[in-house]
Ligand code: F6R
């Protein structure tokens, strides 16, 4: 696991965009794992600016609210089309998203797992962290071995996401379909992007605290190829900042990214 601290959120987003840009160039038929949420909005705007060739790229999104039709403006299906898919040349059949309006949710979850396997697994999975410590919608006590399934959202998550529902906490669906922690850990590479001071405490718990299902994001400590890219606000409660800076300055793998002024 490597932590990179960027001077602000713009640099953090630009760095993640650049990593994705290079991965897609190196492997045009890459399988991307994608996330939604406020943190990803500017990142997707940057990817749209790059205008890469997505004609062979496949995508799998982490999660979706249960009970929303895909065309609902609050669905993650809608979010992804609004922020990314409508602006790039991705093939519709290569977009894989959980359907929260499916009649048989368990079957939808099983099918999703099968589709990931059929695609050869996820090459690089993008993650954000929720204030509850979730990755995807894996709320506290999600098993590290969990697979795609239904999950009830915590009050913390409902509050966090209410802003996407006009500030109305009661409008946020209480359940979601989500990739499991175990599913996420099988991706070949993880990138966790975290910005903003409100994530500082939970980020420190996830990165430097004990691994525990109470903080699902702490499971990334188990992953052999995980990059955690954060801005200074989100990094405020990290203890080993000096070491993270030294790693970024000295590790040859980061050399091509030093111009981003992160550390
Ligand atoms: C969304 C997802 C969530 C978000 C997390 C952070 O697909 O997987 O884990 O990444 O809730 O959301 P924001 O960025 O809105 O703070």
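So which helices (runs of 4 or more DSSP H) stay within segment 36-128 end to end and still have 1 or more residues that are under 30 Å from residue 8 (Cβ atoms) and modelled with pLDDT of 95 or more?
Output list reads 38-50, 76-83.
Does residue 64 satisfy the condition of being surrounded by fewer than 16 Cβ atoms within 10 Å (Cβ to Cβ) and either more than 16 Å from residue 179 (Cα to Cα) or within 13 Å of the ligand (Cβ to nearest atom) (or both)?
When the stated conditions are applied, residue 64 does not pass them.
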Examine segment 216-228 for a residue that is at pLDDT 95 or above, more than 24 Å from residue 122 (Cβ to Cβ) and touching a strand residue (DSSP E or B) at 6+ places or on another chain (Cβ under 9 Å), and state whether such a residue exists. no
Quickly run through segment 202-223 and pick out the residues that are more than 13 Å from residue 129 (Cβ to Cβ), under 17 Å from the mean Cα position of the chain (by Cα) and not in a helix (DSSP H, G or I). 223
Options 78, 83: the member that is within 16 Å of the ligand (Cβ to nearest atom) and free of Cβ contacts under 8 Å to residues at least 24 places away in the same chain: 78
Residues in segment 142-183 that are part of a loop (DSSP other than H, G, I, E, B), within 15 Å of the ligand (Cβ to nearest atom), within 19 Å of the chain's Cα centre (by Cα) and surrounded by fewer than 21 Cβ atoms within 10 Å (Cβ to Cβ) total 1
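Condition check ((1) crowded, with 23+ Cβ neighbours inside 10 Å; (2) under 25 Å from residue 163 (Cα atoms)) across all residues:
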position: 3; (1), (2): yes, no
position: 10; (1), (2): no, yes
position: 22; (1), (2): no, no
position: 27; (1), (2): no, no
position: 33; (1), (2): yes, yes
position: 37; (1), (2): no, yes
position: 45; (1), (2): no, yes
position: 48; (1), (2): no, yes
position: 53; (1), (2): no, no
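The values are calculated or read from the model by the stated rules, or taken from the named source; none is laboratory data. The structure displayed is predicted, hence computed values, not measured ones. Neighbour counts run over all protein chains shown; Cβ positions are idealised from the backbone, glycine included.
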